[in-house]
Amino acid sequence: MRYYFMNQEMEEFSIDVEVGLCKTFEFTHEGNKKSLQVRKLAGKHFYSFDGIAWKKLAALGVNEVLVSNSETYKVYRGYKPSGLNKSGAGALITQMPGKIVKLMKNVGDKVTKGETVLILEAMKMENEIKSGADGVIKTINIKEGQALEAGFLMVEIEE
Amino acid sequence: MRYYFMNQEMEEFSIDVEVGLCKTFEFTHEGNKKSLQVRKLAGKHFYSFDGIAWKKLAALGVNEVLVSNSETYKVYRGYKPSGLNKSGAGALITQMPGKIVKLMKNVGDKVTKGETVLILEAMKMENEIKSGADGVIKTINIKEGQALEAGFLMVEIEE
Amino acid sequence: MKGKRVLIINRGEIAIRVAKALNELGLVSVGVWTDNETEPPHLEYCQEWVHLKGNNNKETYLDIPKIMKIIEDYKIDGVHPGYGFLSENREFSETLAKKGVTFIGPNPDAVYKMGAKDISKQIAKEAGVPVVPGSTGEVATIEEAIKIGNEIGYPVLLKAVAGGGGKGMRPCASDKEVKDNFAAVQREALSSFGYAGLLVEKYILNPHHIEVQILADKKGNVYHVFERECSVQRRHQKIIEEAPSPFIGADEAVRKDICETAVKCAKAVNYDSAGTVEFIMGEDKKFYFLEMNTRIQVEHPITEEITGVDLVANMIKVAFNEPLDFKSQDDIQIRGHAIELRICAEDPITMLPAPGKIVGFETTFPQGIRFDHCIFPKFTITPDFDPMIGKLIAKGFNREVALRKVRNALDGLIIDGIKTNIPLHKVILNEENFVKGKYSTAYIGTIKPQEKVAVKEDIEAFMLKIAGIELNQMGSQS
Amino acid sequence: MKGKRVLIINRGEIAIRVAKALNELGLVSVGVWTDNETEPPHLEYCQEWVHLKGNNNKETYLDIPKIMKIIEDYKIDGVHPGYGFLSENREFSETLAKKGVTFIGPNPDAVYKMGAKDISKQIAKEAGVPVVPGSTGEVATIEEAIKIGNEIGYPVLLKAVAGGGGKGMRPCASDKEVKDNFAAVQREALSSFGYAGLLVEKYILNPHHIEVQILADKKGNVYHVFERECSVQRRHQKIIEEAPSPFIGADEAVRKDICETAVKCAKAVNYDSAGTVEFIMGEDKKFYFLEMNTRIQVEHPITEEITGVDLVANMIKVAFNEPLDFKSQDDIQIRGHAIELRICAEDPITMLPAPGKIVGFETTFPQGIRFDHCIFPKFTITPDFDPMIGKLIAKGFNREVALRKVRNALDGLIIDGIKTNIPLHKVILNEENFVKGKYSTAYIGTIKPQEKVAVKEDIEAFMLKIAGIELNQMGSQS
């Protein structure tokens, strides 16, 4: 089984896994192999790379979005989704669900890097969404008051 | 579905249950009906008899022996086991797994109620097992040093 | 008091904390759930569950007529508002008073006087308590705000009259910044507290945020339960709190002074519940009255841990005219040290909210940890509510022990599927200045611990996530 | 000390408690499992897991050569014995000392002197500490025991030299009873402690069992951490403990006297670890030295709760020559009140062990509860080990609050599938004499709370069990 991980910048990598008897996992990543054992004890799961040192493992309820400190990864189990392209500093994408409070620019407006393009309210906070590059507003896919899911391309800026 | 409960004295009673939609349980016991709702919340189960007041419910892992304060009940789901007879004060049955330390009587010996018949070690404690009736030792099914499961008929006394 | 039916108009960890205290005292805890909360974990501790219909806070936790209807329908004797929502709303506490329903909090007059920052400042001044210079009343227009800014000198802070908890407040360094921010702070004030009124005040640089816990009964007895240091803040919201304050340290004269000043403030409004008097303290240890929060505070557990006083239970008791657990100020003593980390669903580097669905949750804590939270696997954090999902509290014989325990607890806290500020807390707990207890509210801005959060995880971390998913695929019998 | 590898030669809740402290201090906790324990819950907190092969305690937790082999194979630096098993075994601590392995406990000489009750009594006497009359040495024969019985007068107590925890001890009221019980106590002593030697001593009627916690370092500093009242006993085993003692109450002179006497005892054997000096106290508040337990005690948590001293962490620190958390006796003060209930797999009426399999486990606790336990659904309690499966500990601002909390906690503790003493605890916690704090070790025998345990449950209880089983049948997705 091959797992694909993809972060917000659409950077991607994969890890192969083979599940053996007694919850033994054999991983392959960029040619390197590593094995992992899992045991269930007192209703909880534990993992070990050497069979001696054990740590608690959270059994994951879904295989949607996984997070590694400050990066969010989508996980694809056994398939690689098509149509995912890299997007650059000029693509303003919602990082969390929210609502558009104010839109400051129109299509064709010039923007400089760091300039506020719109205000997005999320979790009761107003967040200024700034341009990641110097350029011109190419497309606007939102309007004020609109509620958005995470991962929505709000504005594209042509550099 | 009919449930049978049987305690250590082989006293028995039954409750009927009908499981409806959305985890609604309809119970019938000796002609009386009662209904119960169950909801799952934050990974735990809760029950209510009136839909307003809720309490936590333990989802039971097995349907073997259930306990009510000082009584132990065996539970039978959907069937009534055959061959279970009432046994009286003259039947010395292990209440817990243990090991015979000492056997004080032989077959044919007279015993009085409260007299120690044997010593059973369980959980590091020596327990004196006493006759529940005046009578004569009819059968002995054990020997010193023998390890026993719970529910084993060790000695029968004829009243 | 026993058998009284108390409605909790709140959610999350504070609703759990309140329900626990109600149950223990023999009252009936009645909890609510709204259309936005399909599996509200706080109901676990509530004896009765009531549906508060509605999709947003204005239709639910802030809807006074709807709540009054529930109070009538369910024969409610008292209400606990928790923090936020209607906890400091004069109209709500007055409506309850009129209906003869016990509000578990101070009398409406104290809510009103201390709830409105302009009046509270005036009262503090009159009671001889030093205050930070600023507008004495509400500031209605940008022009007025700019005028005051020039009078008291920039930087100034624009803040909501009805606010608290860091929401609806922004510092401004110039006329232009006042102009740019005024409308936004008004909007935030309106959406968070239902009232858009603003204040302007002097913005003191590098101050300490130190607050004093008050506990008072309805017979005029007002006690302090010592201070908390809440200077580790981001976006003017606390993320780490300690008790006692490492900045006050062994300076018992300052501790006595600030605590007695807090009692003075509380007495000035005939305070009769649990509350908190907030101060700004400069490097010279001079302190100024900031505001009084007339409710139970998020960070109340650290005070409970170092004094042994159950603040929530006592708050409920006094509301029903029962006596406090103690009879004199001397009965309350500090023993040991406590630290609280607010665990938030947010990016540890940008510190911006990051809602999502929790897919894994495990804890491995040392002795002496208290985790007040509402987390369970499959819990969804929606953008509708505050991103705080738990409070990790460590108690130790001294600060060093408490630090050791909270560090170890943080290593044993796994929350999978969402971004949290756990990695940020790990950096702070090992950062030199924090370890020494040397920090002001400028800490996050100047030390920038967020920049030391590792962005990329080791490849092993991804293997563990794969193992977790595979185990889940194998089913529950595995 | 950091990075040292410590083997825990114990199981259950105490192994968890020790592992937590090791992890927190930055040491490596190494746990063991035996053939009898297929899912040992204590490994949850151990960083490394080692198989200790064998089917019974003699082949496992008491097998010194086998343990020494593991110590060598796994490069172990130190050993924590917990309580019971090898915790007070001179041979074991000497063997470790010879190999240069740190024993987390007192020096072998103190283990020897205090471990053997005959010698400890002599030492106490010489240190000017009052002792209960009895045999000064080991009693080898029934005849000798009867002779002493007649000298000091009946009733007398036959007890194991190596024992503790109520095992291997029986009261005898006559020559005949000594004769009848001698062999049985010897057998129990041998099977529980690996040594059959017995003592005889005066059996004081209606006494209080009060013990003092000691914490000492390797530099000669010996501190007391105040007393515990352990008078609620059945079969000479504690089931409820409190700190501070309600019998001593506000009598600070007696408290000071008994605590300082305990320090005197500890100093007499150059004690250098955590330990407990046990006393019998009569109605006149005169007390007699009973024994010193040279190990961490089951009931240590209540002392931790009222003083804030982490006994287990400090015990580990001093073993590795690290300083204690405090520098003077005055640093340690009592704040509040703590009560511990031992939750045992036993019949609540007969109070006899009742092993079995746990099929359901849920908790709903108020704030201020600590539950040190090793319970999980599907956990099987085997007859091989002690029936204690958990310790429910409540801390309150005063005794009334602690009682309120522990009562509420007990109502929220569901353990399904086995008999437990929870119903007995519920009776005791509401029984008049206990509520007033008026009880001696005769409490269970004279008040007989077990007779008030309801035998039959309401039919609703059975319906709930059916619902639980049906839910389980529906599967985990329900």
Could you work out the mean count of beta carbons from other protein chains within 10 Å of each residue's beta carbon in C:365-378? 4
Using a label position 7 Å from Cα in the Cα→Cβ direction, what is the ascending list of nm distances from residue C:454 to the same site in the other copies? 5.6
Relative contact order, percent, chain C [alpha-carbon distance under 8 Å, six or more residues apart]: 13
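What is chain A's relative contact order, in percent, from Cα pairs under 8 angstrom and six or more apart in sequence? Walk me through the intermediate numbers first.
On the way: 331 pairs, mean separation 29.1, N = 159.
Across chain A, relative contact order equals 18 percent.
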Shortest-first distances to equivalent copies, position residue D:382, nm, label 7 Å out along Cβ: 5.0
Place a +1 charge on the Cβ of each Lys and Arg in the protein assembly as shown and a -1 charge on the Cβ of each Asp and Glu, then give the dipole magnitude about the Cα centre in debye, rounded to the nearest 20. 300
So for the protein assembly as shown, taking the charge dipole from beta-carbon charges (+1 Lys/Arg, -1 Asp/Glu), which of D:232, C:194, A:141 sits furthest toward the positive end? A:141
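Once you list every other residue whose beta carbon is under 10 Å from the beta carbon of residue B:130, what net charge do they have if Lys and Arg are +1 and Asp and Glu are -1? Before the final figure, lay out the partial values.
Values: positive: B:113; negative: B:115, B:128.
Neighbourhood net charge equals -1.
Which value in deg cm²/dmol, rounded to the nearest 500, describes the helix-derived mean residue ellipticity at 222 nm for the protein assembly as shown, given -39,500 (n - 2.57) per DSSP H run of n ≥ 4 and division by the residue count?
For the protein assembly as shown, the value works out to -7500 deg cm²/dmol.
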Just add up the charged neighbours of residue A:144: K/R +1, D/E -1, any other residue whose Cβ is under 15 Å from the Cβ of residue A:144. +2
Among C:245, B:48, C:328, rank each residue by its count of other Cβ atoms within 10 Å, from fewest to most, as a rough exposure measure. C:328, B:48, C:245
Assume the label is 7 Å from Cα along Cα to beta carbon: what separations in nm does residue D:126 have to the matching positions in the other copies? 7.6
Ordered by number, the trypsin sites (Lys or Arg not before Pro) in segment C:302-373 that occupy a DSSP loop and have at most 15 other Cβ atoms within 10 Å are C:327
For the ranges D:420-426, D:50-56, what's the packing order if you count other beta-carbon atoms within 10 Å of each residue, average per peptide, and put the highest first? D:420-426, D:50-56
What's the local net charge at residue D:303, with K and R +1, D and E -1, over the other residues with C-beta under 9 Å away? -3
Note down the magnitude of the dipole of segment D:310-370 about its Cα centre, charges +1 on Lys and Arg C-beta and -1 on Asp and Glu C-beta and zero elsewhere, to the nearest 20 debye. 80
Point-charge dipole on Cβ atoms (K/R +1, D/E -1) for chain C, about Cα centre, debye to 20: 300
Residue B:115 paired with residue C:461, simple spin-label distance in nm, labels 7 Å along Cα-to-beta-carbon: 7.5
Under 8 Å for C-alpha pairs, at least 6 residues apart: give me the relative contact order for segment C:370-478, rounded to a whole percent. 15
Would you mind ranking C:404, C:11 so that the residue whose beta carbon has the fewest other beta carbons within 10 Å leads the list? C:404, C:11
Averaged over residues of D:326-332, the number of beta carbons from other chains lying within 10 Å of each residue's Cβ is 1
So for each of C:182-193, A:35-46 I average, over its residues, the number of other beta carbons within 10 Å; can you give me the resulting order with the highest mean first? C:182-193, A:35-46
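Order D:460-466, A:101-107 from most to least packed using the mean count of other Cβ atoms within 10 Å.
D:460-466, A:101-107
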Can you say what percent of the DSSP beta bridges in the protein assembly as shown, counting only those with both residues inside, are antiparallel? Round to 5. 90
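Is chain C rounded, prolate or oblate when judged by the Cα gyration tensor, a ≥ b ≥ c being the square roots of its eigenvalues, rounded requiring a/c under 1.5 and prolate requiring a/b larger than b/c?
Rounded, since a/c falls under 1.5.
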Per residue of C:348-359, other chain Cβ atoms within 10 Å number on average 5
For residue D:474 and residue C:2, extending 7 Å from Cα along the Cα-Cβ vector and measuring point to point gives, in nm, a value of 3.6
What is the spin-label model distance, in nm, from residue B:55 to residue B:9 if the labels are put 7 Å beyond Cα along the C-beta direction? 2.5
Going from the fewest other Cβ atoms within 10 Å to the most, one would list B:152, C:279, A:5 as B:152, A:5, C:279
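Each value in this text was obtained by applying a stated rule to the coordinates, not by laboratory testing. Because the structure is a prediction, the values reported are computed rather than measured. Glycine gets a Cβ as well: all are built from the backbone with ideal geometry, and neighbour counts include every protein chain shown.
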